[in-house]
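Engineer: Handing you this structure, nothing more for now.
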Amino acid sequence: MAAVLESLLREEVSVAAAVRWIARSAQSSEDDPGEAAALSSLRPLRKEFVPFLLNFLREQSSRVLPQGPPTPAKAPGSSAALPGRPGGPPRGGRGARSQLFPPTESSSAAAAEAPSARRGGRRRGPGPGRERGGRGPGGLEEGVGGESQLWPGGRRSRGSGSPGSPSLVRSDPPNLSNLEEFPPVGSVPPGPAGRTKPSRRINPTPVSEERSLSKPKTCFTSPPINCVPSSQPSVPDTSPWGHGLPPGCRSLQEEREMLRKERSKQLQQSPSTTCATSELGPPLPSWTGNLTAESADPARVSSRQRLELIALVYSSCIAENLVPNLFLELFFVLQLLTARRMVATKDGDLEPSPGAPVQVLEHQFQVLSYLDKGTLKLLAENERLLCFSPALQGRLRAAYEGSVAKVSLAMPPSAQAVSFQPETDNRANFSSDRAFHTFKKQRDVFFEVLREWEDRHEEPGWDFEKGLGSRIRAMMGQLSAACSHSHFVRLFQKQLLQMCQSPGGTGGTVLGEAPDVLSMLGADKLGRLRRLQERLVAPQSSGGPCPPPTFPGCQGFFRDFILSASSFQFNQHLMDSLSLKIRELNSLALPQPEPSDEDGESDVDWQGERRQFAMVLLSLRLLAKFLGFVAFLPYRGPEPPPTRELQDSILALRSQVPPALDVRALLQQGLRARRAVLTVPWLVEFLSLADHIVPLLDYYRSIFTVLLHLHRSLVLSKESEGEMCFLNKLLLLAVLGWLFQIPTVPEDLFFLEEGQLDALEVDTVASELGLDGMPVVDQHLLYTCCPYIGELRKLLASWVSGSSGRSGGFVRKITPTTTTGLGAQPPRTSQGLQAQLAQAFFHNQPPSLRRTVEFVAERIGSNCVKHIKATLVADLVSQAESLLQEQLVTQGQDGGDPAQLLEILCSQLCPHGAQALTQGREFCQKKSPGAVRALLPEETPAAVLSSAENIAVGLATEKACTWLSANITALIRREVKAAVSRTLRAQGPEAAARGERRGCSRACEHHAPLPSHLISEIKDVLSLAVGPRDPEEGVSPDHLEQLLGQLGQTLQCRQFLCPPAEQHLAKCSVDLASLLVADHIPVLGPPSPRGLERGQARRLLHVLLSLWKDDFQVPVPLQLLLSPRNVGLLADTRPREWDLLLFLLRELVEKGLMGRTEIEDCLGSLRDAQWPKDFSEELATLFHLFLAEPHRPEPQLRACELVQTNRGTVLAQS
Amino acid sequence: MILTKAQYDEIAQCLVSVPPTRQSLRKLKQRFPSQSQATLLSIFSQEYQKHIKRTHAKHHTSEAIESYYQRYLNGVGRNGAAPVLLELANEVDYAPSLMARIILERFLQEHEETPPSKSVINSMLRDPSQIPDGVLANQVYQCIVNDCCYGPLVDCIKHAIGHEHEVLLRDMLLEKNLSFLDEDQLRAKGYDKTPDFILQVPVAVEGHIIHWIESKASFGDECSHQAYLHDQFWSYWNRFGPGLVIYWYGFIQELDCNRERGILLKACFPTDIVTLCHSVA
């Protein structure tokens, strides 16, 4: 590196050429031959440059940032575990330590030496520190000749360079033993976000003397933070899949000690190092530092120039995507900008210098200008920035003022259940009643579990597995049939999408509409707000700029559910279903290029396009993440395999397993169709959950290679025809950068040999401007997909609020505001020339036209099927019913075997299904044009309109007829089957009793007393009559009359009457009649202690008779009047009076309510009962009387008369 | 009639060990004149049912049954017209209808060759005329007409009340021009769980979205509400989203705590209904 910089400084090589040189292995035509010559000698070092530069910058800055927010990663150390192909050639040169200055023998020797070190089986290198070139104490620090510091404070001499000097530091020195502020590696910050895996970024780099394959990679390091070894044993389970990473670091102090030793050794061994430095001139100031050393600098190159040069090279590397993670570098730069220690007391002649961070920011202005409005505001208000570069500040302010990219705070959606859809969820979709009812219960258990999780998962000490595990497994245990599994998986997946997908939302809280809390409060209130927030919610761990993959919020529920269910079948079905849905969404037709029509109308359209794109993208990411989770679940472990042999055997095994989803093919398709902006983000989600072996497998390795290539190609500054839109690129850079930092992705994968990259040129269909060229990504989507970009803002905000920045200030949640289902778009089915013509037709029309036509076709096609069901099929079903009735009449009640009946009917009816196609065509022909016309703008040209209509008709017809021709027979069969079982059931005994029912008259206002009230009232009368009762209790005759009147009203108004109630009313009325006949109703008041007047009783019986005859619509159990029990009531009364019974019997016959013979039968059977002798005799007399006489009014007929008068007399009287 | 938990407890306190008779009910109404009769009856009935559920087992041991049967036999042996069975039930603090069932079952076991089926017993309880023994038939009938918490008549009344309120609710929905699918239509479509009404177009009540309405012609106490939540309301929510439950006879105020979650309680048909506007005038 030093050599390169030297060339630059000597102006032998331009920065552009150097960066070109770094970026490409081959010479470029732009290169000046002289430059090429200067650089070609350095070729072995080329790949070392960027990692070295990054590590150098981190190392330099580490003094300034001891207590900053989560620190950006360092570039990988060059000797870190290689993802090399097993058996492949070792990667040479990595171990070489590049030196910033001078290109002497020592550096080239080191470069030459490295391969051998590597070949040595990655065991101990030539000396401690050798293994990690980037961390090596090359000539630099020696050259500087003191503690290099990133920012002010350079004045301090080496001896007084205590970084925590209170006079220089505004905030308190970090308390390293405070576990909360400096969590030990692998420990979990408290709070809901605690289930995250510590990523390598907070691992201090251990320079271990013994570094085996099994050691976790820790190449990206933090500033020197002491590991707290005592806390390491209690590393909780923090990874997304439930295994903590083993603590991977040694004490940094120890490490520093090693470095120091190494340094002094080198000083002794290679004097040329220092020599060369002095030759070059003054010690290099800190690259970001002030220029205090300058005055002592007699050399031709000033420190300032060097600083600017480094900043320029660094910026160029960022711009050319030579760094793995753009946002990480921005974060790093902002960290430097906001570092506490930079607020140094003005010390004598110390002038604020145009710090390198600001210079880098200037170079990255374009990216910054695309950040959200809040970040822009904080940047624009940053006083340091203003101080160092008023110009940049001005540009940022302008960008802030012009920005509409507000990313809103939104509430997480509360759970909404997946709705029941009869088409997929009703009984017909299940193999048996049992399966149907089991699934019914499972749905309820699932949501019960979900609700419980919602209520309790934030409670301290609550554990998913303990709380819900057994219930989940019990439920899964019931899913025996494969069909049930697929039902459950569908429910699971839909619920997952509904709860966790975070769409751009509908209306309300999308971009720039919701009030921005930060800007409303202003910076000065931030601290207060933050404290408030901290009190309200558990301190949120922000996860830093490179958080490991997590399952935030509701996703945690689904992950834990999968883990707790631990069901192989479920996982398999889930993978199948997720893969299918991913394929479906990934190939969804999304907006096509809009003609360059920038008026408001197309803007409105674009909002819709963006929203749809965002929904599809976010759904895909979610599904892919879960697919990755489930697919790699069996292989996932906390560590890579411990030995090479084991790794090789695992690789041999794994390379045979076909991927759960052919993501490589999908990626290639995506690139070819210029849909990387859709495909890559979900692919990244999928890969982020891969295990350690995956990147080593040929299949996935090739995917990574393609992704690397893509990453390199996404140069933000390139803006030409056919290029990807800026925010699209930014999104891809962000997700890819993030992926390259995932612990399971080999750290040096990014710095792969270019030879491979160049070989993988993807040929895109250049003529077509795919999704990549559409402005489909906005800031809201960017921040939703990459919440870690928000860390920039947190960093700035926490500086403003004066917080220690430990928790990164505010946690800005970008969460979905609504959950809306994905409108599935129809797959393109048309083929041939017509289809091509149709495509061509849409090509030059606004995308909304195409959507409209497709939408209409889809709906009309679907409606057509429904219509056929409701007309043709329904007709056939009613034919089936009448045929069945005939069958039943001819064959007797049971009609024969239902299965056979069904066959007969179907063979007669199914042929009629052929009409469905004709009718379907007619339907689509009739309905589609109107719908298209209604949905398209009035001004649509007639020709366009009619073409659109015709296409819609064609598509709708195709859809409907395809479905109908495949399914109509089965549909008819199913409906007829249901009708047959319905009809057969209706033949049952109860059906006859139902009969015809009348409603109430048209004029009825439904004011009649309620049946329940009447039953209750009559029950009271009955209970009074039966007793026991208090002496003062009784019924007034008026009340009885009123009651019967009400009964009549109720029976006439049938509004509230249901058959069971009417039946009970009928029975109660019979009981009441029996009590009247037996004179058992206790009458209120003293005058008539004996009971009702006979006349009154007779009147009441008359009313009852007429109710029975005219008003009851259910059969009245009149035979009960002659049941032994009711007749027996007469036995208890003295003197017995039979006249009312005889009267009643005659009236019953008279009114046709009972037949004579029926009554005779009842009376006959009464004789069989056990009665007192006198009662039997009286009964016999009554019987004879009834038999002998036609009806005649009998005012009084007493028992005495029955007995005393002989039969002749009675007869004569009658 | 929405009661606070404290008000409810006060009423429930008065119902301990009160037999489910006409007379008890009358006294209760005198004690709480401000409460509606229907609410009181509903609370009474539910409290009594809880009591019976708790003590059910002890009345069904074979010793208990034997002892009841002997006491019954002795009683009717002395005087068949006396309310032997009813008094026995009140004495041992058990529902008269249920006591009648115990004795009837025991009686039939003794007199029939095969043990009586449930449906035969039910049928005899509905129509005691079918009971072969006249004295027992009268005793059973007396128990049934005097029991205001159990028995076929009470069941029918409850069923009728439920039905009437559904009809009432349907009328109100029609009157408000809210289109809906009722239980029967839903069942015909193959829904596995069916609230009384699903609104075809959701409305908002007091700011809460309502997709379905369930009518409950009873008082919503803790016990029944929990059971309903588990068996019905959450199941509806699981399928159709948030909804409204109308407890026509009131409920305990504190139970209306799931509004935000999607289950709203009311004691009457809501007046504040916001519907979707199709066009802004």
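Engineer: So what J values fall out for region A:360-365 if you push phi through Karplus, 6.51 cos²θ - 1.76 cosθ + 1.60 with θ = phi - 60°, rounded to Hz, Gly and Pro as x?
Structural biologist: Coupling constants for region A:360-365: 4, 4, 4, 5, 9, 3 Hz.
Engineer: Which three lengths, in whole Å and largest first, does region B:155-275 cover when its Cα atoms are put on their principal axes?
Structural biologist: 35, 31, 27
Engineer: I've got another one for you. If you plug each phi of region A:614-626 into the Karplus form 6.51 cos²θ - 1.76 cosθ + 1.60 with θ = phi - 60°, what whole-Hz ³J(HN,Hα) values come out, in order, with x for Gly and Pro?
Structural biologist: Calculated HN-Hα couplings, in order: 4, 5, 5, 4, 5, 4, 4, 4, 5, 5, 5, 4, 5 Hz.
Engineer: Further question on the same structure: Could you work out the relative contact order of region B:155-275, using alpha carbon pairs under 8 angstrom and six or more residues apart, expressed as a whole percent? Working shown, then result.
Structural biologist: On the way: 191 pairs, mean separation 28.6, N = 121.
Relative contact order, region B:155-275: 24 percent.
Engineer: Next up: Just to verify a number: FRET efficiency for A:Ser717 and A:Ala970, C-beta to C-beta distance, R0 = 45 Å, to 0.05? Don't jump to the answer; show the numbers that get you there.
Structural biologist: Working: r = 60 Å, r/R0 = 1.33.
Taking R0 as 45 Å, the efficiency between A:Ser717 and A:Ala970 is 0.15.
Engineer: State the antiparallel share, in %, of DSSP beta bridges confined to chain B, rounding to the nearest 5.
Structural biologist: Working: 10 of 22 bridges.
Counting only bridges with both partners in chain B, antiparallel ones make up about 45 percent.
Engineer: Quick one: which bits of region A:414-458 get at least 50 Å² less accessible when the partner protein chains are in, versus the chain alone, with a 1.4 Å probe?
Structural biologist: A:Phe420, A:Lys440, A:Asp444, A:Arg451
Engineer: Per 0.36 nm of contour for each residue apart, how much would the distance between B:Glu206 and B:Gln37 grow if the chain were fully extended, relative to their Cα-Cα spacing?
Structural biologist: On the way: separation 169, 0.36 × 169 = 60.84 nm, distance 2.82 nm.
Between B:Glu206 and B:Gln37, full extension yields an extra 58.0 nm.
Engineer: Please state the relative contact order of region A:1022-1174 as a whole percent: Cα pairs under 8 Å, 6+ residues apart? Intermediate results must be reported in sequence, preceding the final value.
Structural biologist: Numbers: 132 pairs, mean separation 40.1, N = 153.
Contact order relative to length: 26 percent.
Engineer: Quick check for you: with a 1.4 Å probe and neighbouring chains kept, what is the accessible area per residue of region B:2-56, in Å²? Each step should come with its number before you reach the end.
Structural biologist: Values: 2840 Å² over 55 residues.
Heavy-atom SASA per residue in region B:2-56 reads 52 Å².
Engineer: Could I ask something else about it? I need the phi-derived Karplus couplings for region A:1172-1181: 6.51 cos²θ - 1.76 cosθ + 1.60, θ = phi - 60°, integer Hz, Gly and Pro marked x.
Structural biologist: Taking θ as phi minus 60°, the curve returns x, 4, 4, 5, 4, 5, 4, 4, 4, 4 Hz for region A:1172-1181.
Engineer: Shifting gears a bit: Over region B:60-150, give the accessible area per residue in Å² for a 1.4 Å probe, as an integer.
Structural biologist: On the way: 4030 Å² over 91 residues.
Accessible surface, normalised per residue, equals 44 Å².
Engineer: Take the Cβ-Cβ distance between B:Lys50 and A:Leu1187 as r, set R0 to 41 Å, and report the resulting FRET efficiency rounded to the nearest 0.05. Don't skip to the end; give the middle numbers.
Structural biologist: Numbers: r = 56 Å, r/R0 = 1.36.
For R0 = 41 Å, the calculated efficiency reads 0.15.
Engineer: Is any residue of region A:689-717 close enough, with backbone N under 19 Å, to a label point placed 7 angstrom from the Cα of A:Gln656 along the Cα-Cβ axis, and if so, which?
Structural biologist: A:693-694, A:696-700
Engineer: Sort region B:60-150 into rounded, prolate or oblate with this rule: let a ≥ b ≥ c be the square roots of the eigenvalues of the Cα gyration tensor; rounded if a/c is under 1.5, and if a/c is not under 1.5, prolate when a/b is larger than b/c, oblate otherwise. It would help to have the intermediate numbers written out before the result.
Structural biologist: Values: a/c = 1.26, a/b = 1.15, b/c = 1.09.
It is rounded, given that a/c, with a ≥ b ≥ c, falls under 1.5.
Engineer: What percentage of the solvent-accessible surface of region B:60-150, computed with a 1.4 Å probe over protein heavy atoms, is contributed by carbon and sulfur atoms? Write down the numbers at each step before the final one.
Structural biologist: Values: 1950 of 4030 Å².
Of all accessible area on region B:60-150, carbon and sulfur atoms account for 48 percent.
Engineer: Continuing with the same structure: Can you give me the distance in nm between label points at B:Gln23 and A:Asp576, each placed 7 Å from the Cα along the Cα-to-Cβ direction?
Structural biologist: Reported label-point gap for B:Gln23 and A:Asp576 is 7.0 nm.
Engineer: Right, here's the next one. Amide H to amide H, which residues 5 or more places from A:Val1035 or on other chains are under 5 Å from it, using H placed in the peptide plane?
Structural biologist: HN-HN under 5 Å from A:Val1035: A:Val1083, A:Leu1084.
Engineer: Given an 8 Å cut-off on Cα distances and at least 6 residues of separation, report the relative contact order of chain B as a percent. Please report the intermediate quantities before stating the final value.
Structural biologist: Details: 357 pairs, mean separation 49.7, N = 281.
With pairs under 8 Å counted, the relative contact order is 18 percent.
Engineer: Classify region B:2-56 as rounded, prolate or oblate from the Cα gyration tensor: take a ≥ b ≥ c as the square roots of its eigenvalues, call it rounded if a/c is under 1.5, otherwise prolate when a/b beats b/c and oblate if not. Present the calculation step by step, with values, prior to reporting the outcome.
Structural biologist: Working: a/c = 1.97, a/b = 1.25, b/c = 1.57.
Oblate, because a/c is 1.5 or more while a/b does not exceed b/c.
Engineer: Further, regarding this structure: Between A:Glu1033 and A:Ala1003, what is the spin-label point distance in nm, taking each point 7 Å from the Cα along the Cα→C-beta axis?
Structural biologist: Simple spin-label model gives 4.1 nm for this pair.
Engineer: What distance in nm separates the two pseudo spin-label positions at A:Ser470 and A:Ala1180, each 7 Å out from Cα along the beta-carbon direction?
Structural biologist: Going from the A:Ser470 label point to the A:Ala1180 one covers 7.4 nm.
Engineer: Now, a different point. What does the extension gain come out to for A:Leu646 and A:Asp463, with contour length at 0.36 nm per residue minus their alpha carbon separation? Please list the in-between numbers first.
Structural biologist: Numbers: separation 183, 0.36 × 183 = 65.88 nm, distance 3.48 nm.
Going from the current span to full extension adds 62.4 nm.
Engineer: Hey, another quick one. Quick check: net charge around B:Pro270, other residues with Cβ under 14 Å of its Cβ, Lys/Arg +1 and Asp/Glu -1? Working shown, then result.
Structural biologist: Working: positive: B:Lys176, B:Arg259, B:Lys266; negative: B:Glu175, B:Glu206, B:Glu214, B:Asp256, B:Asp272.
Local charge sum for B:Pro270: -2.
Engineer: Here's a follow-up. Give me the Kirkwood hydrodynamic radius of region B:178-239, using the inverse of the mean 1/r over all pairs of distinct Cα atoms, in Å to one decimal. Before the final figure, lay out the partial values.
Structural biologist: Details: mean 1/r = 0.0798 Å⁻¹.
Evaluated over region B:178-239, this radius sits at 12.5 Å.
Engineer: When the accessible area of region B:2-56 is split by element with a 1.4 Å probe, what percent falls to carbon and sulfur?
Structural biologist: About 56 percent, which is the carbon plus sulfur part of the accessible surface.
Engineer: Please report the buried accessible area for the interface of A with B, total over both chains, probe 1.4 Å, in Å² to the nearest 100.
Structural biologist: Details: alone 52580 and 14780 Å², together 63330 Å².
Buried area between the two chains comes out at roughly 4000 Å².
Engineer: Among the listed pairs A:Lys581/A:Lys926; A:Lys581/A:Lys718; B:Lys53/B:Lys193; B:Lys58/B:Lys118; A:Lys869/A:Lys926, give every one whose C-alpha distance is greater than 24 Å.
Structural biologist: Values: A:Lys581/A:Lys926 33 Å; A:Lys581/A:Lys718 35 Å; B:Lys53/B:Lys193 27 Å; B:Lys58/B:Lys118 20 Å; A:Lys869/A:Lys926 17 Å.
Distance filter (> 24 Å) returns A:Lys581/A:Lys926; A:Lys581/A:Lys718; B:Lys53/B:Lys193.
Engineer: Under the 0.36 nm per residue contour assumption, what length would be gained going from the current alpha-carbon distance of A:Leu386 and A:Leu1084 to full extension? Before the final figure, lay out each step's value.
Structural biologist: Working: separation 698, 0.36 × 698 = 251.28 nm, distance 10.10 nm.
Extra length from A:Leu386 to A:Leu1084 when fully extended: 241.2 nm.
Engineer: Cβ under 15 Å from B:Val120's Cβ, B:Val120 left aside: what net charge do those residues give with Lys, Arg +1 and Asp, Glu -1?
Structural biologist: On the way: positive: B:Arg101, B:Arg106, B:Lys118, B:Arg126; negative: B:Glu105, B:Glu110, B:Glu112, B:Glu113, B:Asp127, B:Asp133.
Charge balance in the 15 Å sphere: -2.
Engineer: Report the charge-dipole magnitude of region A:1011-1065 in Debye, nearest 20, computed about the Cα centre from +1 at each Lys and Arg Cβ and -1 at each Asp and Glu Cβ. All intermediate terms of the calculation are to be shown ahead of the outcome.
Structural biologist: Working: 3 positive and 8 negative charges, 64 e Å.
The dipole magnitude comes to about 300 debye.
Engineer: How about region A:1024-1062: which of its residues lose at least 40 Å² of accessible area in the presence of all protein chains relative to their chain isolated, using a 1.4 Å probe?
Structural biologist: A:Val1026, A:Pro1028, A:Glu1033, A:Gln1055, A:Phe1056, A:Cys1058
Engineer: Could I ask something else about it? In region B:126-154, which residues give up 30 Å² or more of accessible area once the other protein chains are added, compared with their chain alone (1.4 Å probe)?
Structural biologist: B:Arg126, B:Asp127, B:Ser129, B:Asn138, B:Tyr141, B:Gln142, B:Val145, B:Leu153
The values are calculated or read from the model by the stated rules, or taken from the named source; none is laboratory data. Note that the coordinates shown come from a computational prediction; the quantities given were computed from them, not determined experimentally. FYI the Cβ positions are ideal-geometry reconstructions off the backbone, even for glycines, and counts take in every protein chain you see. Each accessible area value is taken on the protein alone, full model and side chains, heavy atoms only, with ligands, DNA and RNA left out. Shrake-Rupley method; radii C 1.70, N 1.55, O 1.52, S 1.80 Å.
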